Structure formats: structure tokens, C-alpha cells
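Student: Following this message is one structure expressed as C-alpha cells.
The values are calculated or read from the model by the stated rules, or taken from the named source; none is laboratory data. In this text the structure is predicted, and so the values were computed from the model without any measurement. We place every Cβ from the backbone using ideal geometry, glycine too, and count neighbours over all the protein chains shown. Heavy atoms of the whole protein, side chains included, go into the accessibility calculation; ligands, DNA and RNA do not. Shrake-Rupley method; radii C 1.70, N 1.55, O 1.52, S 1.80 Å.
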Amino acid sequence: MQNIFTVAKKEIRYNFSNRGMLIQALIMPVLFGFLYSNNLSSQAGMNLSINGIVFYLSIMISAFMSYMFLSQAFVMEKYTRTIESLMCTPLSLRDILLGKVLGVSVSTYPFVLLAVLIPIIRTGLENGEFILPSLAIFVQVLFVTPLVIMGFVNLMGFLNLYVGLKEYRILTLIVFVPLFGLMGAGIGLASNIDAQWALVGIVAGVAVLLLAISTYLTRFLSRERIVTTLP
């Protein structure tokens, strides 16, 4: 575990000490936090609206922010062949992968919290009353969202190490082009989502399944496989 935490701390330290990356990382949660909250102040049924927006934002921002940090932790290190030097250390492949997954996940989560707090704070200031999401949504943000992030990062991290950079770019296009569409569509649709326990439970189940599948797939990863996919 100590080796995993060592790798994770290295990733976190880099992410939060890189001013350029931090500025880029702030743009998406702030921008979409405000865009998604535009229609809330004049809506009736504010609780339902804030539930849907926080639920939807927590998932979408998780995917996009984790992908940004993934690019540094996996793509750039593979492109510059830094991963090759890392594999020459006493660290096991499992320690490297899990450490990077943990580091990216921890780096992503604060920006997800920022995104979901903006609609709550903005509508509270505009209406003179803070309306909080339901208990189900609190569970979604505090417990389910970290699972979503870790499952997504674990899968995308494995794919990056297992396939070549060209193939990985194709995979990311397949994943993120539809996600961009959902992100844009969600501005008008998220406030109408009835996000209750059943929906939160479904997302939690999918996140656990994604984490289990991606963890199983890592057994097919080897140092030789990674070396053969380096540019």
C-alpha cells in the first residue's frame, strides 16, 4: 500500500502544483456549473430541479475532469516514455496502475464538488434561500461519485497502457464525442430528471461493475505489453 500511496502522491502533487493545469481544470466545472444553474432561479419545484442538476453534473464532470488528469498520468508519460523509466523501479505494475488511478481520482473529485456547489450557491444567493439536494443526492455526490471516477479512471488507464496511442485516441473519440453531446443536452434536460434512490442505486451498481471489470482486465497487462505499445 505504501508504494501505491507514493505513486498517488506524486500524481496529486504534480496536478495541484501545475498552475496551467489548474487553470484549465477550473474552466469546465465553473462554466458548466453556471450554465446548468441558469434555469433554476425561476423554476417551481426547486428541489426536484436541483436534484437533477447535481446528479447529472456529478457524473458528467467526473468523466471530463478525470479524462483531463488521465492525459497527464497515462498518455503523456507513455508518449514521453516516462512510464518506461517508472517500470524499471522496484514498483510492481499493480502499484503503478493503482497509484495512478488513486492519484487521478483524488485530483478529480474536488472539481466535481466545485461544479455541483455552484448551482446550489447561485440559486441560494438569487432567491434568498438555500435549497439543498435530497439525501439520495448527498449519497450520490459523497459516495457514489468517487466510485464512478475510480471505475472510469481504472478502465481508461488500463486501455491506455494496453493499446497503442493511436488506438487509444480512437477509443477516446468513441467515448467522448457522445459525452460532449450529453453534456450540452443536459443543460436543458438535467433539471427535469427525477433523481431519487432508484436512479442513484443504478449508477452505483454500474460504477461497481465498471470497477470490477476494469480490475479483472488488468491481469492481462504486462510490462512487455506496455513496452510494445510505446511510440
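Student: Is the shape of region 185-231 rounded, prolate or oblate, going by the alpha carbon gyration tensor and its root eigenvalues a ≥ b ≥ c, with a/c under 1.5 for rounded and a/b larger than b/c for prolate? Working shown, then result.
Tutor: Working: a/c = 9.59, a/b = 2.22, b/c = 4.31.
Taking the square roots of the gyration eigenvalues as a ≥ b ≥ c, region 185-231 is oblate.
Student: Same structure again: Calculate for the chain the 222 nm mean residue ellipticity that helices alone would give, adding -39,500 (n - 2.57) per DSSP H run of length 4 or more and normalising by residue count, nearest 500 deg cm²/dmol.
Tutor: Working: 10 runs with 175 residues, N = 231.
Mean residue ellipticity at 222 nm (helix-derived): -25500 deg cm²/dmol.
Student: With every protein chain left in place, what is the accessible area of residue 66 in Å² (1.4 Å probe, nearest 10)?
Tutor: Accessible surface of residue 66 is approximately 0 Å².
Student: Which one of 50, 213, 174 has the biggest mean-square fluctuation once the chain is modelled by GNM with Cα springs under 10 Å?
Tutor: Between 50, 213, 174, it is 174 that shows the largest mean-square fluctuation.
Student: Let me ask another. Kindly report, to the nearest 10 Å², the accessible surface of residue 16 as traced by a 1.4 Å probe over protein heavy atoms only.
Tutor: Only protein atoms counted, so the area is about 90 Å².
Student: Let me ask something additional. So if each residue of separation counts as 0.36 nm, and I subtract the Cα-Cα distance between residue 213 and residue 121, what length gain in nm does that give? Intermediate results must be reported in sequence, preceding the final value.
Tutor: Working: separation 92, 0.36 × 92 = 33.12 nm, distance 3.72 nm.
Here the segment from residue 213 to residue 121 would lengthen by 29.4 nm.
Student: What length, rounded to one decimal in nm, is gained on full extension from residue 5 through to residue 18, with 0.36 nm per residue of separation minus their alpha-carbon distance?
Tutor: Details: separation 13, 0.36 × 13 = 4.68 nm, distance 1.98 nm.
Stretched fully, the residue 5-residue 18 segment lengthens by 2.7 nm.
Student: What lysines could a cross-link reach from residue 9, if we take a straight Cα to Cα line under 21 Å and drop same-chain neighbours fewer than 8 places away?
Tutor: The qualifying lysines are 78, 100.
Student: While we're looking at this one, here's another question. Quick check: with the 1.4 Å probe, what order do 209, 125, 179 take by accessible area, largest first?
Tutor: On the way: 209 105, 125 130, 179 25 Å².
Descending order: 125, 209, 179.
Student: If one takes the longest principal axis of the Cα atoms in the chain, at what angle in degrees, from 0 to 90 and to the nearest 10, does the Cα axis of helix 165-189 lie?
Tutor: Orientation of helix 165-189: about 10 degrees from the principal axis.
Student: At a probe radius of 1.4 Å, what is the per-residue accessible area of residue 9, in Å² to the nearest 10?
Tutor: For residue 9, the solvent-accessible surface is approximately 120 Å².
Student: With springs only between Cα atoms under 10 Å apart, run a GNM on the chain and tell me which of 139, 177, 54 wobbles the most.
Tutor: Top of the fluctuation ranking is 177.
Student: Turning to a different aspect of this structure: If packing is taken as the average count of other Cβ atoms within 10 Å, what order do 215-226, 188-199 fall into, highest mean first? Could the numbers behind the result be given before it?
Tutor: Values: 215-226: 13.2, 188-199: 16.0.
Averaged packing, sorted descending, gives the order 188-199, 215-226.
Student: Might you tell me the accessible area per residue for the chain, computed with a 1.4 Å probe and given in Å²? Don't jump to the answer; show the numbers that get you there.
Tutor: Values: 11210 Å² over 231 residues.
Heavy-atom SASA per residue in the chain reads 49 Å².
Student: Roughly speaking, to the nearest percent, how much of region 1-229's 1.4 Å accessible area is carbon and sulfur? Show your work: numbers first, answer last.
Tutor: Values: 7860 of 11110 Å².
Roughly 71 percent of what the probe reaches on region 1-229 is carbon or sulfur.
Student: Okay, moving on. Once label points are set 7 Å from the Cα along Cα→Cβ at both residue 222 and residue 176, what is their separation, rounded to one decimal in nm?
Tutor: With each label placed 7 Å out from Cα toward Cβ, I get 3.1 nm.
Student: Which order do you get for 79, 67 if you rank them by accessible area with a 1.4 Å probe, largest at the top? Each step should come with its number before you reach the end.
Tutor: Working: 79 135, 67 70 Å².
Sorted by accessible area, descending: 79, 67.
Student: For a quick check, take a GNM of the chain with Cα springs below 10 Å and name the residue from 147, 211, 171 with the largest mean-square fluctuation.
Tutor: Largest GNM mean-square fluctuation: 171.
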